[in-house]
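Here is the structure we will look at.
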Amino acid sequence: MTEIRTRIVGTGSYVAEGVLTNADLEKLVDTSDEWIVERTGIRERRIAKDGIATSDMAAQAVLNGLDMAGLKPDDLDMIICGTVTPDRPLPATAAYVQHKIGAKNNCPSFDIAAACAGSIYGLSIADSFIRGGQAKNVAVIGVELLSRVLDFEDRNTCVLFGDGAGAFILRGDTAENRGILSTHKFTDGSLANILKIPAGGSAMPASKQTVTDRLHYVHMEGREVYRYAVRYLADAAKAAIAANDFSAEDVDIVVAHQANMRILEAVSKRVSIPLDKFILNLERFGNTSSASIPIALDEGVRAGRVNEGDLMLMIALGGGISWGSALLRW
Ligand code: UT7
């Protein structure tokens, strides 16, 4: 029997229109363009307008991806939405997306909260459903409206993140030697507290006090996350390459989570894949968490950087901490 492989047949993205530059941030907190560029590589990020919800951005990204794939919302068998900034704690943001794009009722739609690794986790889940024959066409979304959970009085976090959405449209295909070759997922829950929103969940329900104490915003021990990011992203990249009997030189293109240019430079060295093989857009969008890989891929595809037959490596790490990699033949 011919093996079914999962292929990305469409990509889509949506970034908010509002641009927040480093100069704008200099007016809000004690920071400088020089510090932000030197320490992170970020120059500006997008901020969604009031009234826009996470699902609005996600729906637009999926529709753009479906358009590229030549599919309609009705063709989707599943919508998986990676986000840690849902429209609301209940219900799933994916349910709003399903309704907004007009997909059908037998298209189960659910969220996954794997933070910055959300798109790789989503890809992996979709791949299992597709190869197992339970779904043919699946939309995997990475979307974040982080500006709603950022403390614009905290220079440690507010300069880093931005809003955006990206989507992969996936399809089962029997074409030989194309599609997802493997995915690799990891979590170290002992480090769960180094990147979190402390309040608003069952451990610390929202109250006047939590709002006064600014506990409904993102809190991060940046240096710790940085340390693990370099090590674990490199390990995940190596795991994907080794599992498929390739070597680093075989990789044509890397789509990495865009958190910090210094992290990407260090990972590039550790895995011996030059930075010019990485798709980079961190400078313009900052860290969009789960959206960052699908936005970068969509930009790369539309700019003609990705060619049929390319060996593509994806790597991401974020809150959880959760991280992972995927290797695919385009
Ligand atoms: O997407 C999830 C994954 N997230 C990440 O991968 C983020 C990982 N972490 C990082 O990218 C970096 O750790 C940061 C960019 C967050 C911070 O860079 P760093 O080089 O690790 O700086 P640091 O936290 O060690 O801080 C160095 C100094 C501190 O001052 P002192 O204590 O040395 O006087 C900070 O208070 O820089 C200060 N600082 C700032 N200064 C100006 C921190 N944020 C700022 C700022 N502007 N925005």
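The values are calculated or read from the model by the stated rules, or taken from the named source; none is laboratory data. Just so it is clear, the model here is predicted, and its values are computed rather than measured. Heads up, the Cβs are rebuilt from the backbone with ideal geometry, glycines too, and the neighbour counts pull from every protein chain shown. The accessibility values were calculated without ligands, DNA or RNA, using every heavy atom of the protein model including side chains. Shrake-Rupley method; radii C 1.70, N 1.55, O 1.52, S 1.80 Å.
When the range 234-261 is examined, which residues are found to be over 16 Å from Thr183 (Cβ atoms) and under 20 Å from the mean Cα position of the chain (by Cα)?
Taking the range 234-261 first, the residues over 16 Å from Thr183 (Cβ atoms) are 234, 245, 247-250, 252-253, 258-261.
Matches in the range 234-261: Ala234, Ile253, Gln258, Ala259, Asn260, Met261.
Of the residues Gly10, Gly82, which single one is modelled with pLDDT of 95 or more, within 16 Å of the ligand (Cβ to nearest atom) and buried (at least 22 other Cβ atoms within 10 Å of the Cβ)?
Just one listed residue meets the conditions, Gly82.
Tell me the residue from Ile194, Ile180 that is hydrophobic (A, V, I, L, M, F, W, C) and within 26 Å of Ala59 (Cα to Cα), please. Show your work before the answer.
Values: Ile194 fails: within 26 Å of Ala59 (Cα to Cα).
Sole residue among the options that is hydrophobic (A, V, I, L, M, F, W, C) and within 26 Å of Ala59 (Cα to Cα): Ile180.
Pick from Ala126, Ala117: which is of a type outside the set (D, E, K, R), more than 17 Å from Leu170 (Cα to Cα), assigned by TED's automatic domain parsing to the domain that holds Gly12 and in a helix (DSSP H, G or I)? Reasoning before the result, please.
On the way: Ala126 fails: more than 17 Å from Leu170 (Cα to Cα).
Checking each option against the conditions leaves just Ala117.
Could you tell me how many of the residues in the range 296-326 are away from the ligand (no atom under 16 Å from the Cβ) and crowded, with 24+ Cβ neighbours inside 10 Å?
The qualifying residues number 4.
Can you tell which of Gly201, Gly179 is away from the ligand (no atom under 16 Å from the Cβ), at pLDDT 95 or above, on the phi > 0 side of the Ramachandran plot and open to solvent by less than 60 Å² (accessible area, probe 1.4 Å)?
Gly179
Ile125 fails exactly one of the following numbered conditions: (1) within 14 Å of the ligand (Cβ to nearest atom); (2) among the hydrophobic types (A, V, I, L, M, F, W, C); (3) open to solvent by 40 Å² or more (accessible area, probe 1.4 Å); (4) closer than 30 Å to Asp77 by Cα. What is the number of that condition?
Going through the list (1) within 14 Å of the ligand (Cβ to nearest atom); (2) among the hydrophobic types (A, V, I, L, M, F, W, C); (3) open to solvent by 40 Å² or more (accessible area, probe 1.4 Å); (4) closer than 30 Å to Asp77 by Cα, Ile125 breaks only (1).
Quick one: which of Thr40, Thr31, Thr21, Thr2 is more than 18 Å from Ala139 (Cα to Cα), open to solvent by 70 Å² or more (accessible area, probe 1.4 Å) and of a type in the set (Val, Ile, Thr)?
Only one candidate passes the filter, namely Thr2.
May I ask you to say which residue of Arg171, Arg214 is open to solvent by 60 Å² or more (accessible area, probe 1.4 Å) and under 30 Å from Ile130 (Cβ atoms)?
Checking each option against the conditions leaves just Arg171.
Consider Ala229 against the criteria (1) in contact with a Ser or Thr (Cβ under 9 Å, 6 or more places away or on another chain); (2) within 16 Å of the ligand (Cβ to nearest atom); (3) open to solvent by less than 10 Å² (accessible area, probe 1.4 Å); (4) touching a residue at least 60 places away in the same chain (Cβ under 8 Å): it satisfies all of them except one. Which criterion is unmet?
Of the numbered conditions (1) in contact with a Ser or Thr (Cβ under 9 Å, 6 or more places away or on another chain); (2) within 16 Å of the ligand (Cβ to nearest atom); (3) open to solvent by less than 10 Å² (accessible area, probe 1.4 Å); (4) touching a residue at least 60 places away in the same chain (Cβ under 8 Å), the odd one out for Ala229 is (1).
Can you pull out every residue in the range 128-174 that is more than 12 Å from the ligand (Cβ to nearest atom), among the charged types (D, E, K, R) and either touching an Asp or Glu at 6+ places or on another chain (Cβ under 8 Å) or within 19 Å of Gly10 (Cβ to Cβ) (or both)?
Result: Arg131, Lys136, Asp163, Arg171, Asp173.
Considering only residues that are under 20 Å from the mean Cα position of the chain (by Cα), more than 30 Å from Leu20 (Cα to Cα) and buried (at least 24 other Cβ atoms within 10 Å of the Cβ), which ones fall in the range 128-154?
Matches in the range 128-154: Val138 only.
Residues being touching an Asp or Glu at 6+ places or on another chain (Cβ under 6 Å) and open to solvent by 10 Å² or more (accessible area, probe 1.4 Å): count how many of those fall in the range 244-276.
So the first thing to find is which residues in the range 244-276 are touching an Asp or Glu at 6+ places or on another chain (Cβ under 6 Å), and the list is 252-253.
Add one more test, that the residue is open to solvent by 10 Å² or more (accessible area, probe 1.4 Å), and what stays is 252.
Here the count works out to 1.
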